[in-house]
1. Go through (1) surrounded by 13 or more Cβ atoms within 10 Å (Cβ to Cβ); (2) part of a helix (DSSP H, G or I) one by one and return the number of the condition Glu5 breaks.
2. Need at least 3 residues that are over 19 Å from Leu2 (Cβ atoms) and not acidic (Asp, Glu) per element, so show me which strands (runs of 3 or more DSSP E) inside the range 14-78 make the cut, counting only ones lying wholly within it.
3. Which of the residues belonging to the range 8-35 are touching a residue at least 60 places away in the same chain (Cβ under 8 Å) and open to solvent by 40 Å² or more (accessible area, probe 1.4 Å)?
4. For the range 24-41, does any single residue satisfy the condition of being in contact with a strand residue (DSSP E or B) (Cβ under 8 Å, 6 or more places away or on another chain) and among the small types (Gly, Ala, Ser)?
5. Please verify whether Glu76 is surrounded by fewer than 16 Cβ atoms within 10 Å (Cβ to Cβ), more than 16 Å from Gln23 (Cβ to Cβ) and at pLDDT 95 or above, treating the condition exactly as stated.
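The values are calculated or read from the model by the stated rules, or taken from the named source; none is laboratory data. As the structure is a prediction and not an experimental result, all values here were calculated from the model. All Cβ positions, glycine included, derive from the backbone under ideal geometry; neighbour counts span all protein chains shown. Surface accessibility is based on the protein's heavy atoms, side chains included, excluding ligands, DNA and RNA. Shrake-Rupley method; radii C 1.70, N 1.55, O 1.52, S 1.80 Å.
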Amino acid sequence: MLKREDVLSLGYLKKTTFSGSCQGLRFLLQSEEQDGKRYLHVFVWPEPYAFDYTPDEQKQDCTLEFSEDGICQAVEWINRFLSQT
């Protein structure tokens, strides 16, 4: 299972994406700005391919608040998929 400590800080996520894999599942977290507000966009998809080489129909995503709580929710969301693998 993924832990909050496994994901880098808000400051890092504000500047660039964070990706990784765990138990056959890949994930990506990125900051997005919309209507002047920042959000955390989270994706999961099955291994083995990188994000750009995986068909969109194999990816699932959610958008969360860009905050420490949002990161914690992202970890919980990713872990739900990990428990299915």
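1. (1)
2. Correct list: 37-46.
3. Leu10, Gln23, listed by residue number.
4. Just the residues of the range 24-41 that are in contact with a strand residue (DSSP E or B) (Cβ under 8 Å, 6 or more places away or on another chain), to begin with: 24-33, 38-41.
Pick out the ones that are also among the small types (Gly, Ala, Ser) and you get 24, 31.
The answer is yes, given that some residue of the range 24-41 is in contact with a strand residue (DSSP E or B) (Cβ under 8 Å, 6 or more places away or on another chain) and among the small types (Gly, Ala, Ser).
5. Answer is no for this residue.
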